[in-house]
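Inspection log for the structure reproduced underneath, given as structure tokens.
The values are calculated or read from the model by the stated rules, or taken from the named source; none is laboratory data. These figures come from a predicted structure and were not determined experimentally. Note: ideal-geometry Cβ built from the backbone for every residue, glycine included; neighbour counts use all protein chains shown. With ligands, DNA and RNA removed, areas are computed over all heavy atoms of the protein, side chains included. Shrake-Rupley method; radii C 1.70, N 1.55, O 1.52, S 1.80 Å.
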Amino acid sequence: FGGNAGIIQAIDQVDVRPALRRWREQRVEAERRDAGNPQWRSTGGQWWSDPAFSGVAWTTPSLPDLGPVRLYCTEDSMGWDRARVHPVVVDERAWIFEVDGPGAWARLVEAYPLEVTYGMRGDWWKTTGRDGRWWLPDWSAVAEDYDAVHVTVTGYLAAAGWAIPTADGATVLAGWGPAHTCWLRPDRLVRTDVVEQWHRV
């Protein structure tokens with residue numbers, strides 16, 4: 001992670017595990033609803049393999065004169081042209097799972113499996129050419145054992161966007177970025193009083 005300080009987007013420093021459990025319930029319900037959809041090749045869903053919109057926080061290192069890496073290296077940035085960020089200090093007791101390549105991502109998925117075949121099949125088939133069973137980490141379960149998941153620069157470059165084999169199918173590292181840490185427990189972060197406003201020129 002490059003030390004105990006990084007940059008985080010504006011967040012509420014709360015325990016988001018209840019939200020992650022709701023995220024899991026929504027994914028399970030979506031799988032049930034979409035099972036057997038004959039139009040799956042033409043459907044689009046959520047490409048990302050992170051627990052998007054569940055209240056998690058993200059940190060990245062900050063580079064001299066450039067600022068937070070996340071400002072420059074984010075998949076699907078949706079055209080954002082401004083950001084408010086806070087330097088943070090990470091609780092030294094934080095337990096972080098490190099993804100340094102495809103094997104580590106596969107191990108995370110296999111340890112905390114959540115099947116998302118029908119929810120991801122259309123998008124991941126279009127981008128990888130693979131059809132079959134698809135899996136994500138069950139982020140609600142991961143959050144019971146780890147405070148965060150960190151994808152190294154090497155891990156991102158080696159794994160992002162590929163169909164990564166797992167014991168029961170495959171998975172994709174999608175929606176992440178190099179040196180990004182997803183905080184399943186944002187309450188493990190302590191904000192400083194500094195607030196930085198960034199604008200795209």
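It is to be established whether one or more residues within region 82-91 are among the charged types (D, E, K, R) and assigned to a strand (DSSP E or B). Checked against the condition, which is being among the charged types (D, E, K, R) and assigned to a strand (DSSP E or B), region 82-91 yields at least one hit.
Yes/no per residue for (1) in contact with a Lys or Arg (Cβ under 7 Å, 6 or more places away or on another chain); (2) farther than 29 Å from Arg27 by Cβ; (3) open to solvent by 60 Å² or more (accessible area, probe 1.4 Å):
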residue: Asp65; (1), (2), (3): no, yes, yes
residue: Arg70; (1), (2), (3): no, no, no
residue: Thr74; (1), (2), (3): no, no, no
residue: Trp95; (1), (2), (3): no, no, yes
residue: Tyr112; (1), (2), (3): no, no, no
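Looking only at region 136-151, which residues are part of a helix (DSSP H, G or I) and buried (at least 16 other Cβ atoms within 10 Å of the Cβ)? Lay out the reasoning, then the answer.
At the first step, the residues of region 136-151 found to be part of a helix (DSSP H, G or I) are 139-145.
Of everything in region 136-151, those that are part of a helix (DSSP H, G or I) and buried (at least 16 other Cβ atoms within 10 Å of the Cβ) turn out to be Trp139, Ser140, Ala141, Val142, Ala143.
Restricting Arg84, Arg24 to those that are farther than 15 Å from Pro137 by Cα, basic (Lys, Arg) and open to solvent by 50 Å² or more (accessible area, probe 1.4 Å) reduces the list to Arg84. Take the residues in region 28-42 that are at pLDDT below 90 and under 22 Å from the mean Cα position of the chain (by Cα), then tell me which one is farthest from Val116 (Cα to Cα). Selected residue: Ala30.
When the residues of region 114-135 are filtered to those that are part of a helix (DSSP H, G or I) and touching a helix residue (DSSP H, G or I) at 6+ places or on another chain (Cβ under 6 Å), which remaining residue is least open to solvent (accessible area, probe 1.4 Å)? Please lay out each step first, then the result.
First pass over region 114-135, keeping only residues part of a helix (DSSP H, G or I): 117-128.
Subsequent filtering for residues that are touching a helix residue (DSSP H, G or I) at 6+ places or on another chain (Cβ under 6 Å) retains 118-119, 121-122.
Values: Tyr118: 87, Gly119: 22, Arg121: 48, Gly122: 2 Å².
Here the answer is Gly122.
The set of residues in region 97-110 being aromatic (Phe, Trp, Tyr) and open to solvent by 10 Å² or more (accessible area, probe 1.4 Å) consists of Phe97 alone.
In region 37-56, the residues that are more than 24 Å from Trp162 (Cβ to Cβ) reach residues that are at pLDDT 75 or above and open to solvent by less than 50 Å² (accessible area, probe 1.4 Å) with C-beta atoms within less than 6 angstrom, at least six apart or across chains, in these pairs: Ser54/Ala19; Ser54/Leu20; Ser54/Trp23; Gly55/Val16; Gly55/Ala19.
This table checks each residue for (1) over 15 Å from Ala106 (Cβ atoms); (2) of a type in the set (Phe, Trp, Tyr); (3) modelled with pLDDT under 95.
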{"residue": "Asp145", "(1), (2), (3)": "yes, no, no"}
{"residue": "Val149", "(1), (2), (3)": "no, no, no"}
{"residue": "Gly161", "(1), (2), (3)": "no, no, yes"}
{"residue": "Ala167", "(1), (2), (3)": "no, no, no"}
{"residue": "Thr171", "(1), (2), (3)": "no, no, no"}
{"residue": "Gly175", "(1), (2), (3)": "yes, no, yes"}
{"residue": "Ala179", "(1), (2), (3)": "yes, no, yes"}
{"residue": "Arg185", "(1), (2), (3)": "yes, no, yes"}
{"residue": "Arg188", "(1), (2), (3)": "yes, no, yes"}
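If I ask for residues that are closer than 30 Å to Glu196 by Cα and more than 18 Å from the chain's Cα centre (by Cα), which ones from region 91-136 would you list?
Passing the criteria: Asp91, Glu92, Arg93.
Scanning region 170-187 for residues that are open to solvent by 20 Å² or more (accessible area, probe 1.4 Å) and more than 22 Å from Thr74 (Cβ to Cβ) yields a total of 1.
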